[in-house]
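The values are calculated or read from the model by the stated rules, or taken from the named source; none is laboratory data. Please read all numbers here as calculations on a predicted model, not as lab measurements. For neighbour counting, all protein chains shown are included, and Cβ atoms are generated from backbone atoms with ideal geometry for every residue, glycine included.
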Amino acid sequence: MRPERDRCSDEVAARLFNLARAISDGSALADRDRGHRLSGHLPASSWIADLTGLNPLPPTRFSWYGDTNVLAVDLPIDGVYRINAESPNLGAKVAWFKYLAGAVDITARRVDGSAPEIKTKTSDGYRPTGFNPSSIEFTDEGCWQVTGTLQGRELIFVMFVRRAAIGEANP
């Protein structure tokens, strides 16, 4: 059996490969500089060292990825978000760091099966920029593409969501 993070569809893998190639050859950055939306799966090369001391989720399993001009997100290093096995739902805490003011609009869609699209946003009550938490209520276990949009700029990532095994660390 393949590892969970590898069970996401081949279509997603192909999109991510093409995006990583665009990031490495600079065309994604050129789009950003021309004012187009910035979107990208967050390859290891997009790790943000400046946020290392900010640990809303366990730093042994999560790390910050994104763009230091717009938006960053604290993601599971192995690409698998584990929900507490005893939780009645599939709610995930997702931490964002905003370099620009505004709410982060969040959409999530299942890429390895059918499920309704999820729409939410970061919580209110925090400063205009900086740390901002959110909760995403996934409807099913599986591979999900999540898009955070801030001031018209997108940050896209894919992660496998599942319940943790009894005794397994989560989130």
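Among residues belonging to segment 137-154 that are more than 24 Å from ALA85 (Cβ to Cβ) and among the small types (Gly, Ala, Ser), point out the one that is surrounded by the fewest Cβ atoms within 10 Å (Cβ to Cβ).
GLY152
Kindly indicate whether any position in segment 73-88 is out of contact with any helix residue (DSSP H, G or I) (no Cβ under 6 Å at 6 or more places or on another chain), of a type in the set (A, V, I, L, M, F, W, C) and over 19 Å from ASP50 (Cβ atoms).
Yes, segment 73-88 contains at least one residue that is out of contact with any helix residue (DSSP H, G or I) (no Cβ under 6 Å at 6 or more places or on another chain), of a type in the set (A, V, I, L, M, F, W, C) and over 19 Å from ASP50 (Cβ atoms).
If VAL94 satisfies every condition in (1) touching a residue at least 12 places away in the same chain (Cβ under 8 Å); (2) touching a Lys or Arg at 6+ places or on another chain (Cβ under 8 Å) but one, which is the exception?
With respect to (1) touching a residue at least 12 places away in the same chain (Cβ under 8 Å); (2) touching a Lys or Arg at 6+ places or on another chain (Cβ under 8 Å), VAL94 is out only on (2).
Given (1) touching a residue at least 40 places away in the same chain (Cβ under 8 Å); (2) more than 25 Å from ILE48 (Cα to Cα); (3) assigned to a strand (DSSP E or B), where does ILE166 come up short, assuming only one miss?
(3)
Being over 19 Å from GLY66 (Cα atoms) and in a loop (DSSP other than H, G, I, E, B) is the filter here; which residues of segment 132-163 pass it?
THR139, ASP140, GLU141
If a residue has to be outside any strand (DSSP E or B) and surrounded by fewer than 15 Cβ atoms within 10 Å (Cβ to Cβ) to count, how many in segment 108-131 make the cut?
11
Of everything in segment 155-171, what is of a type in the set (A, V, I, L, M, F, W, C), within 18 Å of ARG61 (Cβ to Cβ) and either touching a Pro at 6+ places or on another chain (Cβ under 9 Å) or surrounded by 16 or more Cβ atoms within 10 Å (Cβ to Cβ) (or both)? Give them in sequence order.
PHE157, VAL158, MET159, PHE160, VAL161, ALA164, ALA169
Does VAL94 count as closer than 22 Å to ILE48 by Cα and of a type in the set (A, V, I, L, M)?
Taking the combined requirement at face value, the residue satisfies it.
Of all strands (runs of 3 or more DSSP E) completely enclosed by segment 34-99, which ones contain at least 1 residues that are among the aliphatic types (A, V, I, L, M), surrounded by 13 or more Cβ atoms within 10 Å (Cβ to Cβ) and at pLDDT 90 or above?
Qualifying strands (runs of 3 or more DSSP E): 71-76, 80-83, 90-98.
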